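These notes concern the structure reproduced below.
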Amino acid sequence: MLIFDEVKTGLTIAPGGATERFRVMPDLITLAKSLGGGLPTGAIGGSEEVMRVVEDGTVYQVGTYNGNPLGMAAARASLLEVLTPEAYEHLDHLNDRIVAGCQAVVDEFRLPAYTVGLGAKGCVTFSTERVVDYPSFKRAQDVELTELAWLYNMNRGIFMTPGREEEWTLSVTHDDAAVDRYVDVFRALAGELTA
C-alpha cells in the first residue's frame, strides 16, 4: 500500500499536492493545515478498496474535529475562494523569485548551502551535500547555521517556522515586496557571516 502524508504538501505545492505534482496515485492520502486555512482541519482519502474498511465498519474512523462546522466552512472557503488557479500562479511566481534571490546570495557569498522550493514551500539548506532523505538530512545539515539564520530572521521581523526542516511557507497575501525583504535580510546575514 502506498500512503502519501500530505500534511505539509497537500494544497501547498499544487491543488492536488504531491499526488498531482509528481503524477503518482497513492492508495491513501492525508491532508491538513492549508485545507482549513489555518483552522484545525484534516482529511483522509483513498481508493475504494482501502476506504471500504471504513465504510463497512472494519476500521472505526473517528476524530476530534470530524465534521466540525467551522472547520468545514473554512475548508470550503479555502478550496473554492482562496486557492484559485490564479493563487497558484502567484505562489509559483513568488517561490521562483525567492529561490532565485536566495540562491544568488548563496553563490555571491559562497555559502555552504543551496536553495530549493516548490509551490508555497522552500528553504535554504545549509549543507555542502544534497539532502535526499532523512539520514542525509540529519548527517549533513549545519544545525548551528540553520538555527542562527532562524534567529537572525526572527530578530528582523521575518517570522519563520521553527525547526530545521522548513524555512518558508508563502501565502497568497505575500507579494514581491515581501520576497525582496526576505532576500535582503538573507543577504545581510550572509554579509555578516563572511565579513
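For region 105-195, what percent of Cα pairs sit more than 22 Å apart? Before the final figure, lay out each step's value.
Details: 946 of 4095 pairs.
Of all Cα-Cα distances in region 105-195, 23 percent exceed 22 Å.
Taken one residue at a time, the phi angles of region 6-22 give Karplus couplings (6.51, -1.76, 1.60, θ = phi - 60°) of 9, 4, 9, 9, x, 6, 9, 9, 4, x, x, x, 5, 4, 6, 4, 9 Hz. Gly and Pro are set to x.
For region 53-113, applying the loop criterion from DSSP together with a ceiling of 12 other beta carbons within 10 Å to the trypsin sites (Lys or Arg not before Pro) yields 110. Compute the signed sum of charges (Lys and Arg +1, Asp and Glu -1) over the other residues within less than 10 Å, Cβ to Cβ, of residue 136. It works out to a net charge of +1. Simple point charges give the picture: +1 on the Cβ of Lys and Arg, -1 on the Cβ of Asp and Glu, and for region 1-117 a dipole about the Cα centre of about 280 debye.
Taking the Cα centre of region 34-96 as origin and charging only Cβ (+1 Lys, Arg; -1 Asp, Glu), how large is the dipole, in debye to the nearest 20?
Values: 2 positive and 9 negative charges, 73 e Å.
Once rounded to the nearest 20, the dipole reads 360 debye.
Gain on full extension, evaluated as 0.36 nm per residue between residue 52 and residue 136 minus their Cα-Cα distance, stands at 26.5 nm. Expressed as a whole percent, the accessible surface of region 39-195 that belongs to carbon and sulfur atoms is 56, based on a 1.4 Å probe. Along its principal axes, region 54-148 has C-alpha extents of 56, 35, 23 angstrom, given from the largest down. 3J(HN,Hα) along region 126-140: 7, 7, 8, 10, 5, 7, 10, 7, 5, x, 6, 4, 5, 6, 9 Hz, from the Karplus curve 6.51 cos²θ - 1.76 cosθ + 1.60 with θ = phi - 60°, whole Hz, x for Gly and Pro. Taking chymotrypsin sites (Phe, Trp or Tyr not before Pro) as exposed when DSSP calls them loop and at most 10 other C-beta atoms lie within 10 angstrom, the chain has its longest site-free stretch at 61-158. Three principal axis extents describe the C-alpha atoms of region 1-69; from largest down they are 34, 29, 14 Å.
Restriction of the trypsin sites (Lys or Arg not before Pro) in region 1-59 to DSSP coil positions whose beta-carbon has at most 12 other beta-carbons within 10 angstrom yields 23.
Give, in nm to one decimal, the length gained when the segment between residue 154 and residue 73 is fully stretched (0.36 nm per residue of separation minus the Cα-Cα distance). If you can, show how the numbers build up before the last one.
Details: separation 81, 0.36 × 81 = 29.16 nm, distance 3.23 nm.
Length gained, residue 154 through residue 73: 25.9 nm.
Screening the chain for whole DSSP H helices with an alpha carbon extent of at least 15 angstrom along the helix axis and a mean Kyte-Doolittle hydropathy of at least -1.0 yields 85-109, 143-154, 176-194. Per residue of the chain, the DSSP helices (runs of n ≥ 4 H) give a summed -39500 (n - 2.57) that works out to -13500 deg cm²/dmol at 222 nm.
Once you wrap a convex hull around the alpha carbon atoms of the chain, what is its projected area averaged over all directions, in nm²? Let's see the in-between values first.
Working: hull surface 51.2 nm².
That works out to 12.8 nm².
The values are calculated or read from the model by the stated rules, or taken from the named source; none is laboratory data. This one's a predicted model, so the numbers in the text were calculated from it and none came from an experiment. In this analysis, Cβ positions are derived from the backbone assuming ideal geometry, glycine residues included, and neighbour counts consider all displayed protein chains. Accessible surface is based on the protein model in full, side chains and every heavy atom, while ligands, DNA and RNA are left aside. Shrake-Rupley method; radii C 1.70, N 1.55, O 1.52, S 1.80 Å.
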